[in-house]
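Working notes for the structure below.
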Amino acid sequence: MISEHNVKRILQQDLKFDDHRIKKLDDFSKNLLIFNKKRNLISKSSEKQVWDRHILDSAQLIKFIDEKNCTGIADLGSGGGFPGIVLAIYYQNCNFHVKLYEKSPVKSAFLSNISKKLGLDCKIVCRDVKSLKIESNYIVCRAFRKLAYILNISRENCIKKHKMIIMKGRNAQEEINNTSQLKNYKYRLENSITNNDSKIIILDRE
């Protein structure tokens, strides 16, 4: 477990979050924990680890996003706002949108409320992503669905040329080995900075 103080130091020194963005992350985490008392956005057991297990875990994705060539970020299955709200805070002054796709009305209501409170220019879409066309050229997801399901969305719902950043646990390589659709992609595995067992799958669809 990484302390809140050390997470903030990593966010500032390694990931270039300024004081203004750190303040928004503070406000986000406080509102999340208040809401979590009524409805489960994150597991109760992870509440004390919100800074490392959820915020830092989400923030590390900026290392894999080329801001200059990004036309938009789509977060599939945003849940409590990870990684979508964290990315929206970081990219708040950029000329592209972060869109959060969450079909749960309760979670979508929280995301809409918190994005307004934080003054974020992100869009919340409360619909099943399988029924939508996704125009963003960066697709991110954390604790969403199996890799094969995500690749179906990539093939059927996304613009042709895009990059996917998929956060997975210790079974990432096994999922890759069991997925036949990867022939249309270049992919690599990256280690998570928050958990030795967790992996990040980076996929390019040209």
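The values are calculated or read from the model by the stated rules, or taken from the named source; none is laboratory data. Values in this document were obtained by computation on a predicted structure and should not be read as measured data. All Cβ positions, even for glycine, are placed from backbone atoms using ideal geometry, and neighbour counts span all protein chains on display. For the accessible areas, the whole protein counts, side chains as well, though only heavy atoms, and no ligand, DNA or RNA atoms are used. Shrake-Rupley method; radii C 1.70, N 1.55, O 1.52, S 1.80 Å.
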Exercise. Only one of G80, G72 is within 24 Å of I150 (Cβ to Cβ), touching a strand residue (DSSP E or B) at 6+ places or on another chain (Cβ under 7 Å) and at pLDDT 95 or above; which?
Worked result: G72
Exercise. A172 fails exactly one of the following numbered conditions: (1) in contact with a Phe, Trp or Tyr (Cβ under 9 Å, 6 or more places away or on another chain); (2) surrounded by fewer than 21 Cβ atoms within 10 Å (Cβ to Cβ). What is the number of that condition?
Worked result: (1)
For this session: For residues that are touching a residue at least 12 places away in the same chain (Cβ under 8 Å), charged (D, E, K, R) and either in contact with a Pro (Cβ under 9 Å, 6 or more places away or on another chain) or surrounded by fewer than 21 Cβ atoms within 10 Å (Cβ to Cβ) (or both), tally how many sit in the range 50-75.
Result: 5
For this session: Considering every residue within the range 76-84, establish whether at least one is touching a Ser or Thr at 6+ places or on another chain (Cβ under 9 Å), open to solvent by less than 10 Å² (accessible area, probe 1.4 Å) and polar (S, T, N, Q).
Result: yes
Exercise. From the set of residues in the range 29-47 that are without any contact (Cβ under 8 Å) to a residue 12 or more places away in the chain and either under 16 Å from S108 (Cα atoms) or assigned to a helix (DSSP H, G or I) (or both), which is most open to solvent (accessible area, probe 1.4 Å)?
Worked result: K38
Exercise. Within the range 87-100, is there a residue that is more than 24 Å from R9 (Cβ to Cβ), in a helix (DSSP H, G or I) and free of Cβ contacts under 8 Å to residues at least 24 places away in the same chain?
Worked result: no
Problem set entry | Search result, residues across the range 126-154 that are in a loop (DSSP other than H, G, I, E, B) and open to solvent by 30 Å² or more (accessible area, probe 1.4 Å) | C126, R127, D128, K133, E135, A143, F144, R145, K146
For this session: Scan the range 140-157 and report the pairs whose first residue is within 22 Å of I42 (Cα to Cα) and whose second residue is open to solvent by 40 Å² or more (accessible area, probe 1.4 Å) and of a type in the set (A, V, I, L, M, F, W, C), with Cβ atoms within less than 7 Å and a gap of 6+ or a chain change.
Result: I150/F144
For this session: Starting from the range 1-28, keep only residues that are closer than 20 Å to S46 by Cα, then list their pairs with residues that are among the acidic types (D, E) whose Cβ atoms are within a distance under 7 Å, requiring at least 6 positions of separation or different chains.
Result: M1/D52; I2/D52; V7/D52
Seminar exercise, completed: If we keep only residues of the range 155-190 that are in a strand (DSSP E or B) and of a type in the set (A, V, I, L, M), then the residue farthest from the chain's Cα centre (by Cα) is L189
Exercise. Within the range 127-151, how many residues turn out to be over 21 Å from R205 (Cβ atoms) and under 16 Å from the mean Cα position of the chain (by Cα)?
Worked result: 1
Problem set entry | Given (1) open to solvent by 40 Å² or more (accessible area, probe 1.4 Å); (2) part of a helix (DSSP H, G or I); (3) in contact with a helix residue (DSSP H, G or I) (Cβ under 9 Å, 6 or more places away or on another chain); (4) aliphatic (A, V, I, L, M), number of the condition V106 does not satisfy | (3)
Problem set entry | First in the range 166-194 and farther than 21 Å from I55 by Cβ and free of Cβ contacts under 8 Å to residues at least 40 places away in the same chain, second anywhere and outside any helix (DSSP H, G or I) and aromatic (F, W, Y), Cβ under 8 Å, 6 or more apart | I176/Y187
Exercise. Does K24 fit the bill of being of a type outside the set (A, V, I, L, M) and modelled with pLDDT of 95 or more?
Worked result: yes
